[in-house]
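This report concerns only the one structure given below.
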Amino acid sequence: MTLASVNHATMHEMNTALVLNTLRLHAPISRAEIAARSGLNKTTVSSIIRTLLDNHFVLETGASLSTEVGRPSVSLVLDSQAGTILSGELGVGSISVVATNFALEIITRRYERVQHLHTLDACLRRIIELFKEIQAEAQVTGRPIFGLSLGVPGLVSADGTLVFAPNLGWRDVSIKPMLEQTFDLPYIFVENEANLAAQGETYLGPYCNSTSLICVVADMGIGGGLMLKHQLEMGIGGFAGEIGHMTIVPVGGERCNCGNTGCWETVAAESAVFRRVERAIEGGQASLLQDMTGGDMAHLSIPLIVQAAEQGDRLACACLEETGRWLGIGIANLVNIFNPEYVILAGSLALAHAFLMPVILDVARQHAMSRPWSQTTIAISEHSADATVMGGAARIHNAVIQNPSQWLVATPTHPAVSAKRAKPRTPAPD
Ligand SMILES: [Zn+2]
């Protein structure tokens, strides 16, 4: 290949990525509008769209309302059937695996509680089995499977090793190589669950493209994803965002699984809510939750506690209110430190937003400095408990859009850059 042809291929790849990204952000949109928004000329846009139509990446949806002189223009959207994305979350008490289409809609889901097989090998074996199941279902469509993402609750190094997961007690588990040996897919990502969630919140949905966003993922523990100036803040070793382990009860705090005491997640995570309910019931307080769990506190869940609170159960309401107070204090600290545009609450506690948010807003406003507070919006993730899997799917989606040529088979009249589907030679950009 000559230098000129390499440059042409690179330019064509970049232009195709630009067209796909314009479609992602603005569809339904006409060819002329794509040209206007992207700065590409109309001939280039038309040629790229022809290739994308031939490869089922784009659909024509009929005439758009806006018209060029003398003729209506046709609207285009990304084709949801272009291919499938596999995304999973290895949580502290559960495994969640989904397949999404290219419109990032969940089309298949598997969810399991995992207390009964809470060993490292059993968990990893099971999540691989579930991925294989949904991969087999996706293969029936005959469309490509773009990649696989797995979110994990702990520190993850750049090579996909789970360095430390405090709430699982796991250290130095090489998860990514294991997935790469099992699945022959172009993209396989293993990342911290909250980092994925934050990337998802800034890629799709109402907070898409926000400048600075902090995602607080409150499940059994609390993870944090920091998107600052459109970039995921990783810290010097890739471990930034461990907000669940900021010390928030300096004296007499509960022991945390990280080895410290008084960490934020010991008072504000799902595990803290459960502990409050259990201790109150052991202390003799009456609650609907006794009947709802059949007297077995192992059956406690956030949806169940919300259900009790909705029926006016005083214990459930009090436990959620106390949790909301601690969440509000931690969020005030985040607002003061980072001055973010958004703080988004995700994870299982987002399911209790009707009870938590009024308290969070009240307490955070009291503790945050007024100027940064006035510039921050505190909101609930639209994906709530799916924030991590949707973030992982968004990560793969973005990788496909940024490096599209490997998926585009050349057509006689409109040659694409590469007819061969191969593993990408360079890592996908964030
Ligand atoms: Zn801790």
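Bear in mind that the values in this text are calculations on the coordinates, not laboratory data. Bear in mind that the values here come from a model prediction, so they are computed numbers and not experimental data. Reconstructed Cβ throughout: ideal geometry from the backbone, glycine too, with neighbour counts over all protein chains shown.
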Fill in: Choice from ALA379, ALA364, ALA286 showing the highest fluctuation, given a GNM over the chain with Cα pairs closer than 10 Å
ALA286
Worksheet entry | Bridge type composition, the chain - antiparallel percent by DSSP, nearest 5 | 65
Worksheet item: How much of the DSSP beta bridge set in region 208-381 is antiparallel, as a percent to the nearest 5?
Response: 55
Worksheet item: Taking the Cα-to-Cβ direction at ASN7 and at VAL249 and moving 7 Å from each Cα, how far apart do the two end points lie in nm?
Response: 6.4
Worksheet item: Roughly speaking, what is the centre-to-centre gap between region 240-288 and region 298-340 when only Cα atoms are used, to the nearest Å?
Response: 12
Discussion item. Below 15 angstrom from the Cβ of HIS245, what's the summed charge of the other residues (Lys, Arg +1; Asp, Glu -1)?
Written reply: -4
Worksheet item: What would the Debye formula give as log10 I(q)/I(0) at q = 0.07, 0.10, 0.14 Å⁻¹ for the alpha-carbon point model of the chain, no solvent?
Response: -0.39, -0.75, -1.26
Worksheet item: ³J(HN,Hα) across region 280-294 via Karplus (A = 6.51, B = -1.76, C = 1.60, θ = phi - 60°), whole Hz, x for Gly/Pro?
Response: 5, 5, 4, x, x, 6, 7, 7, 4, 5, 4, 6, 5, 9, x
Worksheet item: Sorting LEU289, LEU124, LEU179 on the 10 Å Cβ count, fewest up front, what's the list?
Response: LEU124, LEU179, LEU289
Worksheet item: What's the FRET efficiency of GLU322 with THR43 using the Cβ-Cβ distance as r and R₀ = 45 Å, to the nearest 0.05?
Response: 0.10
Practice prompt. Work out how much length ARG371 to ASP121 would gain on full extension: take 0.36 nm times their residue separation and subtract the Cα-Cα distance, in nm to one decimal.
Written response: 85.1 nm
Item to complete: Would you work out which of VAL97, ILE302, ASN403 lies farthest towards the positive end of the dipole of the chain? Charges go on Cβ: Lys and Arg +1, Asp and Glu -1.
Response: ASN403
Worksheet item: Karplus couplings for region 22-28 from phi (6.51 cos²θ - 1.76 cosθ + 1.60, θ = phi - 60°), rounded to Hz, Gly and Pro as x?
Response: 5, 5, 4, 7, 10, 4, x
Response to the item:
Rg from C-alpha atoms of region 208-381, normalised by the globular rule of thumb 2.2 N^0.38 Å, equals 1.05
Discussion item. Under 5 Å between amide hydrogens, which residues at least 5 positions from VAL156 or on another chain qualify, with H placed 1.01 Å from N in the peptide plane?
Written reply: VAL163, ASN192
Item to complete: Starting with the fewest neighbours, write out SER384, SER157 ranked by other beta-carbon atoms found within 10 Å of each beta-carbon.
Response: SER157, SER384
Practice prompt. Starting from the Cα of ASP291, step 7 Å along the direction of its Cβ; do the same at GLU180; then give the gap between the two resulting points in nm.
Written response: 5.6
Worksheet, complete the sentence: Sorted by chain and number, the residues with a modelled amide H under 5 Å from that of LEU150, at a separation of 5 or more or across chains, are GLY88, PHE189, VAL190, GLU191
